[in-house]
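Below you'll find the structure, written out as structure tokens, and then a few comments.
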Amino acid sequence: MIRLGIVDFDTSHVVEFTKRLNHKGIDKDQWVDGAEVTLGCPGESQLAPERIAGYKKEMESLGIELVKNPADLIGKVDGVLVESLEGGAHLARAKPFLEAGMPCYVDKPFACSVEDARKMVGLSDKHKAPLFSSSSLRYVPELTAFLADDSHGKIIGATAYGPAHLSESERLNPGLFHYGIHAVEILYALMGKGCQRVTCTHEKDVDVATGQWDDGRVATVRGIRSGKADYGCVVFTEKGVYPLALSTKYLYRELLKRIVDLFTLKKPPLDMAVTVEMVGFMEAALRSANNHGAGEKVPV
């Protein structure tokens, strides 16, 4: 059995992932086989330090042994889940594990700058340490089933939507980085990489970011902060227009299957170039939002 360690306890993912991997405290249809969490490091948080104590207590109740320092996991587990809520903390957290050649899953947002994203991918390549990051929304069953069905024809555009409440800090996880990443991930699952330019309209209750792809396709993210905010998309294809409502019931289970694949196959299930470009999309959207909706180039 693959042994995993978890770093930084300021997100519910710490507990929810452990329940599914360790088959504890959750319905059997949510279980994921192939790996188990054996060690954890509560760590620290600039964004939500008040959450750590509660999640630490829950992890102890699940039987997880805790260590004081992240480096204490090296040599004691086969891979690491970096779970810090703050994307800007991920480079520093992942670096020692990547330098040790350990496979790493880095939770969303992968980074809050393309510079940090490139550095993590560079460390992964240099030390041959498999690296993966994804929102759980990329792998929800309705979306993966749609993408597997060739009968729709080529996707020529899309609108993805979802909750996009903002971070309490203007500096940490700004703009779409905090929660809008989920809708961005849905969009990229449909469109793939190749976005060159983004314009973003920002209002108190909504962000609307529109990207232009290098093959002429156009697609939009609507980040919702007022009214009911479900996840979903409208997909424009050669053969029709398809609205998709996306359920969150199995989103952690399906993501964890891909995370286990990372650690067993030693290969990321998603090209990291796509992940880096998503960071660039959100970076460009933030610049555009702060510049009255002006078009901004996607840095990749």
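Counting just the residues of the range 32-46 that are part of a loop (DSSP other than H, G, I, E, B), in contact (Cβ under 8 Å) with a residue 60 or more places away in the chain and touching a helix residue (DSSP H, G or I) at 6+ places or on another chain (Cβ under 6 Å), which one comes out farthest from Arg20 (Cα to Cα)?
Of the residues in the range 32-46, the ones part of a loop (DSSP other than H, G, I, E, B) are 32-34, 42-46.
Okay, now just the ones that are also in contact (Cβ under 8 Å) with a residue 60 or more places away in the chain, so 32-34, 46.
Subset that is touching a helix residue (DSSP H, G or I) at 6+ places or on another chain (Cβ under 6 Å): 32, 34.
Details: Val32: 6, Gly34: 11 Å.
If we take residues in the range 32-46 being part of a loop (DSSP other than H, G, I, E, B), in contact (Cβ under 8 Å) with a residue 60 or more places away in the chain and touching a helix residue (DSSP H, G or I) at 6+ places or on another chain (Cβ under 6 Å), then Gly34 is farthest from Arg20 (Cα to Cα).
It is to be established whether one or more residues within the range 27-45 are over 18 Å from the mean Cα position of the chain (by Cα), within 18 Å of Pro103 (Cα to Cα) and among the polar types (S, T, N, Q).
Taking every residue of the range 27-45 in turn, at least one turns out to be over 18 Å from the mean Cα position of the chain (by Cα), within 18 Å of Pro103 (Cα to Cα) and among the polar types (S, T, N, Q).
With respect to the numbered conditions (1) surrounded by fewer than 18 Cβ atoms within 10 Å (Cβ to Cβ); (2) assigned to a strand (DSSP E or B), which one is the sole condition not fulfilled by Lys249?
Only one criterion is unmet by Lys249, namely (2).
Would you tally the residues in the range 87-101 being buried (at least 19 other Cβ atoms within 10 Å of the Cβ) and not small (Gly, Ala, Ser)? Spell out how you get there, then give the answer.
Filtering the range 87-101 for residues buried (at least 19 other Cβ atoms within 10 Å of the Cβ) gives 87-91, 93-94, 97-98.
From what is left, the residues that are not small (Gly, Ala, Ser) are 90-91, 93, 97-98.
Of the residues in that region, 5 qualify.
Could you say which residue among Thr18, Thr38, Thr11 is crowded, with 23+ Cβ neighbours inside 10 Å and either among the β-branched types (Val, Ile, Thr) or in contact with a Pro (Cβ under 7 Å, 6 or more places away or on another chain) (or both)?
Answer to the check: Thr18.
Lys193: more than 20 Å from Ala164 (Cα to Cα), assigned by TED's automatic domain parsing to the domain that holds Leu98 and not in a strand (DSSP E or B), yes or no?
When the stated conditions are applied, Lys193 does not pass them.
Got a number for residues in the range 277-300 being modelled with pLDDT of 95 or more, farther than 10 Å from Ala209 by Cβ and of a type in the set (A, V, I, L, M)?
Here the count works out to 4.
Taking the stated definitions as given, is Glu115 in a helix (DSSP H, G or I) and acidic (Asp, Glu)?
yes
Name the pairs: first residue in the range 181-195 and of a type in the set (Asp, Glu), second residue part of a helix (DSSP H, G or I), Cβ to Cβ under 7 Å, at least 6 apart or on different chains?
Glu185/Leu137; Glu185/Arg138; Glu185/Met278
Each row is one residue, and each column tells you yes or no for (1) closer than 22 Å to Val14 by Cα; (2) of a type in the set (S, T, N, Q); (3) outside any helix (DSSP H, G or I); (4) not assigned by TED's automatic domain parsing to the domain that holds Lys257.
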position: Gly101; (1), (2), (3), (4): no, no, yes, no
position: Tyr105; (1), (2), (3), (4): yes, no, yes, no
position: Phe110; (1), (2), (3), (4): yes, no, yes, no
position: Leu123; (1), (2), (3), (4): no, no, no, no
position: Leu143; (1), (2), (3), (4): no, no, no, yes
position: Phe146; (1), (2), (3), (4): no, no, no, yes
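Suppose we filter Gly223, Gly293, Gly211, Gly280 for residues that are surrounded by fewer than 18 Cβ atoms within 10 Å (Cβ to Cβ) and either in contact (Cβ under 8 Å) with a residue 40 or more places away in the chain or not in a strand (DSSP E or B) (or both); which single one remains?
Going through Gly223, Gly293, Gly211, Gly280 in turn, just one is surrounded by fewer than 18 Cβ atoms within 10 Å (Cβ to Cβ) and either in contact (Cβ under 8 Å) with a residue 40 or more places away in the chain or not in a strand (DSSP E or B) (or both): Gly293.
Among the residues of the range 117-147, which ones are closer than 25 Å to Ile186 by Cβ, crowded, with 20+ Cβ neighbours inside 10 Å and free of Cβ contacts under 8 Å to residues at least 40 places away in the same chain?
If the condition is that a residue be closer than 25 Å to Ile186 by Cβ, crowded, with 20+ Cβ neighbours inside 10 Å and free of Cβ contacts under 8 Å to residues at least 40 places away in the same chain, then Met120 is the only one that fits.
The values are calculated or read from the model by the stated rules, or taken from the named source; none is laboratory data. Everything quoted here is computed from the prediction, not taken from an experiment. Heads up, the Cβs are rebuilt from the backbone with ideal geometry, glycines too, and the neighbour counts pull from every protein chain shown.
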